[in-house]
Amino acid sequence: MTGTPFAGLGKPDRAARGPWLAPLTIVLGSLVTLVPFKATFPILPPIGLMMLLAWRLHRPELLKPWAPLLLGFVDDLVSGQPLGSAMLFWTVSFIAIDVLDTRIVWRDFFQDWLLAAGAIGFCLIGGRLVATPLGAHVDTVLLVQILVSIALFPVLSRLVSRLDGKRRAR
């Protein structure tokens, strides 16, 4: 035993800020769609969804299974998608990751990235099928948006890790 037995006393508990920080950052990520900026292609990644996935993959115990339903409702309200689409697709993705998490013995970052890529692709394609007619020519832009979102996920995962201030147990 090294150090004093009271080495942790007096230090702020960083784990206590997690229960309110995760939903707040997810809602703030959804609110990014309200920021006015001009773009030639609408390839803005779904930051709210990506924050939800980053929090779920970083700290699985933090969000309840019903959390994507409420957070998806907020995203539907601010993003302009049909009401219930993000609620459905976020919840299905969250449950699928929960099921896969029970099957996978151990995970590293690349497996987390693969899980997030599948969930991002599923949610964006599902949102496209719900929101636009099948005859609309948006598939190329959707593919670019999916690729940009998948490429940006490690940045948001790092941000969540930094905000959490807690190292992942190995």
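The values are calculated or read from the model by the stated rules, or taken from the named source; none is laboratory data. It should be emphasised that the depicted structure is a prediction, and the values quoted were computed from it without experimental measurement. Cβ sites come from the backbone with ideal geometry, for glycine too, and all protein chains shown count toward neighbours. These area figures cover heavy atoms from the full protein model, side chains too; ligands, DNA and RNA do not enter into them. Shrake-Rupley method; radii C 1.70, N 1.55, O 1.52, S 1.80 Å.
Only helices enter this figure: runs of n ≥ 4 DSSP H residues, each worth -39500 (n - 2.57), summed and divided by the residues of the chain, yield -21000 deg cm²/dmol at 222 nm to the nearest 500.
In the distance distribution for the range 19-61, Cα-Cα pairs more than 16 Å apart total 41 percent.
So I have [x] 15.5, 52; [y] 16.5, 59; [z] 17.7, 69, and one of them is Rg and Dmax of the Cα atoms in Å calculated from this model. Which one is it? Label of the calculated value: [z]. In this rough spin-label picture, where each label sits 7 Å from Cα along the Cβ direction, the SER161-LEU147 distance is 2.6 nm. Segment ASP139..ILE125, full-extension length gain: 4.1 nm, with 0.36 nm per residue of separation and the alpha-carbon distance subtracted. Residue by residue, the range 20-28 carries 3J(HN,Hα) couplings of 9, 6, 4, x, 5, 5, 5, 5, 5 Hz when phi is fed to the Karplus relation 6.51 cos²θ - 1.76 cosθ + 1.60 (θ = phi - 60°); x denotes Gly or Pro. Across the range 111-128, computed HN-Hα scalar couplings (Karplus, 6.51 cos²θ - 1.76 cosθ + 1.60, θ = phi - 60°) run 5, 4, 5, 5, 4, 5, 4, x, 5, 5, x, 4, 5, 5, 5, x, x, 5 Hz from first to last residue, x flagging Gly and Pro. At a probe radius of 1.4 angstrom, the accessible area of the chain per residue rounds to 63 square angstrom. To put it simply, the accessible area of the chain at a 1.4 Å probe is 70 percent carbon and sulfur. The magnitude of the dipole of the chain, with charges of +1 and -1 set on the Cβ of Lys/Arg and Asp/Glu and taken from the Cα centre, is near 600 debye.
Rounded to the nearest 10 degrees, the angle from helix 139-164 to the longest Cα principal axis of the chain is 20 degrees. Loop-located chymotrypsin sites (Phe, Trp or Tyr not before Pro) across the range 91-149 with a Cβ neighbour count of 16 or fewer within 10 Å are TRP106, with loop assigned by DSSP. Could you grab the relative contact order for the chain? Cα pairs under 8 Å, six or more apart, rounded to a whole percent. Once normalised by length, the contact order is 29 percent. Pairwise Cα distances in the range 83-170 exceed 21 Å in 41 percent of cases. The gain in end-to-end length when the ALA96 to GLN111 segment is fully stretched comes to 4.0 nm, 0.36 nm per residue minus the alpha carbon separation. Over the range 33-101, Cα pairs under 8 Å with separation of 6+ residues give a relative contact order of 28 percent. Converting phi to 3J(HN,Hα) with the Karplus coefficients 6.51, -1.76 and 1.60 and the offset θ = phi - 60°, the range 71-77 yields 5, x, 4, 4, 5, 4, 5 Hz in sequence order, with x at every glycine or proline. Here the Debye sum runs over all C-alpha atoms of the range 27-118 as equal scatterers in vacuum, and log10 of I(q)/I(0) at q = 0.17, 0.24 Å⁻¹ comes out as -0.74, -1.25.
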